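Notes for the one structure printed next.
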Amino acid sequence: MSTGKPIIVLSRELPPMFTEALAGFAEVRVGGTDPAAEVLEGAAVYLATGVDPVPEQLIQRFPDSLGLIANIATGTDNIDLAAATSRGIAVSNTPVVTEDTADLTFALLLATCRRLSYCERRLRADEWAQGAGHMGLRVHGKTLGIIGLGEIGQAVARRAQGFNMNILYHGPRRKAEAEAALGAEYCAELADLLARADIVSLNCPLTEDNRHLVNSEALAQMKPGAVLINTGRGPLVDEQALVDALAGGQLGGAGLDVFEFEPQVHQDLLSFDNVTLLPHIGSATGECRADMARRALANIQQFLSAGQPGDRCS
């Protein structure tokens, strides 16, 4: 029986404090990523997390009452934006992950270059000498190539300044103001950045145009012994091509927080001592997740009261 409150359907169970906050002004239903018709009936909002797909097939099943897909993520690549637009459904995100993701990016960069995971495994296995004798790669003073100089890319560059790194960047357009602030150099051609960078960091959103941006051709253009860091989106990298490049000794290492087919990880990646793997934890601090929840809550409340979310992206 309807409570008379606006109905919000969740793509998954969320932390109780967040669900309770939603229940203060709405009827909350957990429908999953394939909600039944009766769960969707009368819904005004579908609330998803960034790892939950919202494809065209689901969007076509949404009732006419549903006007907002609220995404708890900085990106929207899990949502078919064209399908949402065709139905007149707004899409919002939570762009509050910049500093935490940049922290994680640089931590992953350092861990990969200095082989921290491998050395810790050796220590835990009571193999001190093997860990102590394993040589890493110097970070300070090296050239960092950032692909995608948005908010997160710029935050990574600020951290790189503290390590006296030379900063290159590539993207669809030059950003003169950011260049001046960061001492960064624009590479109009991706191949130029790949040929010059000691470490390449992927910090761009995933689009159909840049899927498999880092493929076998791009990997062959990287400096021998260079390191690849990906905290953007998994499908930016052709994972099989990456495995082949690592096996062939082309790369000095890779640090991955995201994967092409996550939560599945290419099994061969697990076998490399120069690869650091993390389970998509770029925003995984208590403070950041609380910020994301508050931002999603504010978007929903603004949509219900004014007809538009604050962070509309479609």
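The values are calculated or read from the model by the stated rules, or taken from the named source; none is laboratory data. If you're wondering where the values come from, they're calculated on a predicted model, not measured in any experiment. Here the Cβ is made from the backbone with ideal geometry for all residues, glycine too, and neighbour counts use every protein chain on show. Quick note on the areas: whole protein, heavy atoms, side chains included, nothing else; ligands and nucleic acids left out. Shrake-Rupley method; radii C 1.70, N 1.55, O 1.52, S 1.80 Å.
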Filter result for residue 273 (assigned by the TED database to the domain that holds residue 67, touching a Ser or Thr at 6+ places or on another chain (Cβ under 9 Å), charged (D, E, K, R) and more than 24 Å from residue 42 (Cα to Cα)): no
Within segment 14-37, tally of residues that are open to solvent by 60 Å² or more (accessible area, probe 1.4 Å) and under 22 Å from residue 80 (Cα atoms): 4
Positions within segment 265-279 being open to solvent by 50 Å² or more (accessible area, probe 1.4 Å) and assigned to a helix (DSSP H, G or I), in sequence order: 267, 268, 270, 271
Residue list for segment 181-220, filter: of a type in the set (Ser, Thr, Tyr) and free of Cβ contacts under 8 Å to residues at least 60 places away in the same chain: 186, 216
Residue satisfying condition, being modelled with pLDDT under 95, more than 24 Å from the chain's Cα centre (by Cα) and open to solvent by less than 70 Å² (accessible area, probe 1.4 Å), within set 183, 133: 133
Lone unmet requirement of (1) farther than 26 Å from residue 241 by Cβ; (2) within 19 Å of the chain's Cα centre (by Cα) for residue 204: (1)
Selection within segment 57-101 - more than 24 Å from residue 280 (Cβ to Cβ), in a helix (DSSP H, G or I) and open to solvent by 30 Å² or more (accessible area, probe 1.4 Å): 57, 60, 61, 82, 85, 86
Residues that are free of Cβ contacts under 8 Å to residues at least 12 places away in the same chain and open to solvent by less than 20 Å² (accessible area, probe 1.4 Å), drawn from segment 141-180: none
Residues that are within 21 Å of the chain's Cα centre (by Cα) and within 18 Å of residue 208 (Cβ to Cβ), drawn from segment 50-70: 50, 53, 54, 55
Among residues of segment 281-296, those that are under 13 Å from residue 71 (Cβ atoms), of a type outside the set (Gly, Ala, Ser) and open to solvent by less than 60 Å² (accessible area, probe 1.4 Å), counted: 1
Unmet requirement for residue 312, which otherwise passes all of (1) open to solvent by 30 Å² or more (accessible area, probe 1.4 Å); (2) without any contact (Cβ under 8 Å) to a residue 40 or more places away in the chain; (3) touching a strand residue (DSSP E or B) at 6+ places or on another chain (Cβ under 9 Å): (2)
Residue within segment 38-48 that is in contact (Cβ under 8 Å) with a residue 40 or more places away in the chain and surrounded by fewer than 20 Cβ atoms within 10 Å (Cβ to Cβ) present: yes
Residue 191 of a type in the set (A, V, I, L, M, F, W, C) and either modelled with pLDDT under 95 or within 22 Å of the chain's Cα centre (by Cα) (or both): no
Given (1) over 30 Å from residue 191 (Cβ atoms); (2) under 25 Å from the mean Cα position of the chain (by Cα), number of the condition residue 150 does not satisfy: (1)
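For every residue, the table says whether it meets (1) in a helix (DSSP H, G or I); (2) among the small types (Gly, Ala, Ser); (3) at pLDDT 95 or above.
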{"residue": "126", "(1), (2), (3)": "no, no, yes"}
{"residue": "139", "(1), (2), (3)": "no, no, yes"}
{"residue": "149", "(1), (2), (3)": "no, no, yes"}
{"residue": "153", "(1), (2), (3)": "yes, yes, yes"}
{"residue": "158", "(1), (2), (3)": "yes, no, yes"}
{"residue": "168", "(1), (2), (3)": "no, no, yes"}
